[in-house]
Amino acid sequence: MNNVNSDGILTIKNLSKSFGGIKAVNDLSFSITEGHIHAVIGPNGAGKSTVFNLITGVFMPDNGEVRFKNRNITSMRTDHVAKAGISRTFQNIRLFPEMTVFETVLMGTYLITGGKVFPALFLTKNFRNNEKAAKERVEEILHFVGLWDMRDEYAAKLSYGNQRRVEIARALAMNPQLLLLDEPTAGMNPQETKELMDLFSLVNKQGITILIIAHDMNLVNVLSDQITVINFGEKLAEGPPKMIHNHPAVIEAYMGRAEANA
Ligand SMILES: Nc1ncnc2c1ncn2[C@@H]1O[C@H](COP(=O)(O)OP(=O)(O)O)[C@@H](O)[C@H]1O
Ligand SMILES: [Mg+2]
């Protein structure tokens with residue numbers, strides 16, 4: 001099960017991370033094919049968010065390697081990971097309360113243009129051109145995610161579903177080749193969930209590879225090309241949705257936990 005396709009856009013190899021005595025991620029390997037929507041599913045506490053934090057440089061692994069486009073990015077700084085082409089949304093939405101939708105998404109573009117917001121640079125023609133291009137890009141993205149009409153509202157005051165859209169728009173403004181979504185539809189109503197799933201599909205059609213974490217297997221069944229199931233930080237199963245759906249170990253992990261939680 002540890003066979004890893006090293007041609008993938010992102011490959012993690014033998015990744016491990018412990019917190020105290022807890023092995024949150026334990027010798028985990030998998031690879032994401034460019035252009036795919038790849039889902040990571042597993043019960044609460046399985047280590048899913050930790051995997052994202054290891055990929056994006058929030059945590060350093062105890063062991064193992066993260067490769068993106070055949071480049072070793074293990075333990076790279078988070079902003080460098082973003083510049084390399086990986087952007088993400090968080091399990092708990094993170095938005096600045098005093099920023100409008102437009103400003104929030106514009107900030108995403110600063111990250112890749114080097115955050116050139118210093119007053120002295122306002123005078124250079126180059127900066128003004130950059131700023132104009134960035135604003136045009138934000139406009140395009142806001143139309144794309146369906147938030148243009150809300151551009152001047154405070155992001156944190158929007159409905160939960162629209163706040164998630166702002167986060168996605170901010171991530172897209174960083175011009176990613178790979179987008180990481182950590183339980184993006186948790187807490188959404190069925191309508192919001194469906195609309196977000198449609199949006200992810202559209203994003204993917206633009207050529208952006210997606211790695212999506214989900215708790216609910218049914219959500220990603222329709223959307224994803226490949227599913228990696230993890231439990232206790234280890235890979236339990238991997239394959240296309242049809243195969244995973246009927247996998248005995250997966251059913252047991254889910255049913256076992258469901259009963260335990262009931
Ligand atoms: N920063 C942290 N400090 C200590 N323990 C953590 C930290 N992050 C995660 N853990 C632990 O690691 C395990 C996996 O957590 P997590 O990756 O958040 O799981 P999931 O996202 O699959 O629900 C859990 O036991 C959790 O309590
Ligand atoms: Mg999580």
## Note on the structure
Inside region 66-83, the number of residues satisfying the requirement of being surrounded by fewer than 16 Cβ atoms within 10 Å (Cβ to Cβ) and either more than 15 Å from the chain's Cα centre (by Cα) or not assigned by TED's automatic domain parsing to the domain that holds LEU10 (or both) is 7
### Query
Which of (1) within 12 Å of ligand 1 (Cβ to nearest atom); (2) closer than 24 Å to HIS245 by Cβ is the odd one out, the single condition PHE30 does not satisfy?
(1)
### Message
Every residue in region 228-255 that is at pLDDT 85 or above and hydroxyl-bearing (Ser, Thr, Tyr), please.
### Response
THR228
### Task
Please work out if LEU199 is more than 22 Å from TYR110 (Cα to Cα) and of a type outside the set (Lys, Arg).
yes
### Message
Return the residues of region 188-240 that are small (Gly, Ala, Ser) and more than 30 Å from GLY21 (Cα to Cα); say none if nothing qualifies.
### Response
SER201, GLY207, SER224, GLY239
### Summary
A careful count of residues in region 202-248 that are touching a residue at least 40 places away in the same chain (Cβ under 8 Å), surrounded by fewer than 17 Cβ atoms within 10 Å (Cβ to Cβ) and among the hydrophobic types (A, V, I, L, M, F, W, C) gives 2
### Query
Mind checking which residues of region 210-240 are outside any strand (DSSP E or B) and of a type in the set (Val, Ile, Thr)?
VAL220, VAL222
### Message
Could you go through region 189-209 and let me know if any residue there is closer than 14 Å to GLN91 by Cβ, in a loop (DSSP other than H, G, I, E, B) and assigned by TED's automatic domain parsing to the domain that holds PHE30.
### Response
no
### Task
Pull up region 172-226, narrow it to residues that are over 15 Å from THR33 (Cβ atoms) and among the hydroxyl-bearing types (Ser, Thr, Tyr), then point me to the one that is farthest from ligand 2 (Cβ to nearest atom).
SER201
### Residue that is nearest to LEU179 (Cα to Cα), among those in region 60-82 that are touching a residue at least 24 places away in the same chain (Cβ under 8 Å) and part of a helix (DSSP H, G or I)
ALA82
### Task
Please state which one of GLY57, GLY45 is within 9 Å of ligand 1 (Cβ to nearest atom) and free of Cβ contacts under 8 Å to residues at least 40 places away in the same chain.
GLY45
### Query
Where residues in region 83-97 are within 16 Å of ligand 2 (Cβ to nearest atom) and in a strand (DSSP E or B), which of them is farthest from PHE30 (Cα to Cα)?
THR89
### Query
Checking PHE144 against (1) in contact with a Leu (Cβ under 9 Å, 6 or more places away or on another chain); (2) crowded, with 18+ Cβ neighbours inside 10 Å; (3) modelled with pLDDT of 95 or more, which single condition isn't satisfied?
(2)
### Message
If I filter region 48-65 for residues that are assigned by TED's automatic domain parsing to the domain that holds GLU234, within 16 Å of ligand 2 (Cβ to nearest atom), surrounded by fewer than 17 Cβ atoms within 10 Å (Cβ to Cβ) and under 25 Å from HIS247 (Cβ atoms), do I get at least one hit?
### Response
no
### Scope region 33-45; condition closer than 20 Å to HIS245 by Cα, at pLDDT 95 or above and assigned to a loop (DSSP other than H, G, I, E, B); matching residues
HIS36
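The values are calculated or read from the model by the stated rules, or taken from the named source; none is laboratory data. Keep in mind that what you see is a predicted model, and the values were worked out from it rather than measured. Because the Cβ atoms are built from the backbone with ideal geometry, glycine has one as well, and the counts that use them run over all protein chains shown.
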